[in-house]
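What follows is one structure encoded as structure tokens, with my remarks underneath.
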Amino acid sequence: MRPDSDFSSFEGVPLVLASGIEIAGWEDAAPTATFDDGRLTGSTGCNRYTGPYSVEGETVELGAVASTRMACVPPADAVERAFLAALERVARWRSDVEGLVFLDDGDAELLRFVVAAPPADQD
């Protein structure tokens with residue numbers, strides 16, 4: 001992703017969380033996100049979620065998120081709570097060479113996503 005990337009280039013691109021969750025072992029339950037036609041969908045690391053989004057300039061508005069309610073084992077349970085709480089604080093976005101970054105209203109980085117690697121071929 002280039003620093004001058006257009007947000008619309010993320011439409012339909014599967015993303016995976018690269019940073020923003022300060023819980024030991026979060027990488028084993030890394031949340032995912034896909035932006036597509038005004039809907040944000042993905043995994044919290046345990047449950048699936050969906051919600052509306054809109055973008056105007058560098059402002060992003062994430063609407064109410066609905067998710068499945070399966071029980072999650074540690075650390076996925078804590079990752080899910082932290083991730084959903086961070087999504088509620090998102091106010092702005094930017095992209096840089098490392099990925100898509102969500103910021104709070106004070107411009108502090110909340111979550112950083114990178115393009116998800118395609119699954120390895122299974123023979």
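Considering T44, T34, the condition of being in contact (Cβ under 8 Å) with a residue 12 or more places away in the chain and open to solvent by less than 20 Å² (accessible area, probe 1.4 Å) is satisfied by T44 alone. Is it true that T59 is open to solvent by 40 Å² or more (accessible area, probe 1.4 Å) and touching a Lys or Arg at 6+ places or on another chain (Cβ under 9 Å)? In short, yes. Filter segment 93-123 down to the residues that are over 13 Å from the mean Cα position of the chain (by Cα) and at pLDDT 95 or above and list them by number. Answer for segment 93-123, where residues must be over 13 Å from the mean Cα position of the chain (by Cα) and at pLDDT 95 or above: D104, D105, G106, D107, A108.
Restricting R48, R81 to those that are closer than 18 Å to F113 by Cβ and not hydroxyl-bearing (S, T, Y) reduces the list to R48. Cβ-Cβ contacts under 6 Å between residues 6 or more apart (or on different chains), taken from a first residue in segment 91-116 that is within 13 Å of P31 (Cβ to Cβ) to a second residue that is of a type in the set (D, E) and open to solvent by less than 50 Å² (accessible area, probe 1.4 Å), are listed as L110/D104. Of all the listed residues (V13, V55), the sole one being outside any loop (DSSP other than H, G, I, E, B) and either β-branched (V, I, T) or modelled with pLDDT under 95 (or both) is V55.
The values are calculated or read from the model by the stated rules, or taken from the named source; none is laboratory data. Source: prediction; values computed, not measured. Cβ: placed from backbone, ideal geometry, glycine included. Neighbour counts: every protein chain shown. Remember, those area values only see protein heavy atoms, side chains included, never the ligands or the DNA or RNA. Shrake-Rupley method; radii C 1.70, N 1.55, O 1.52, S 1.80 Å.
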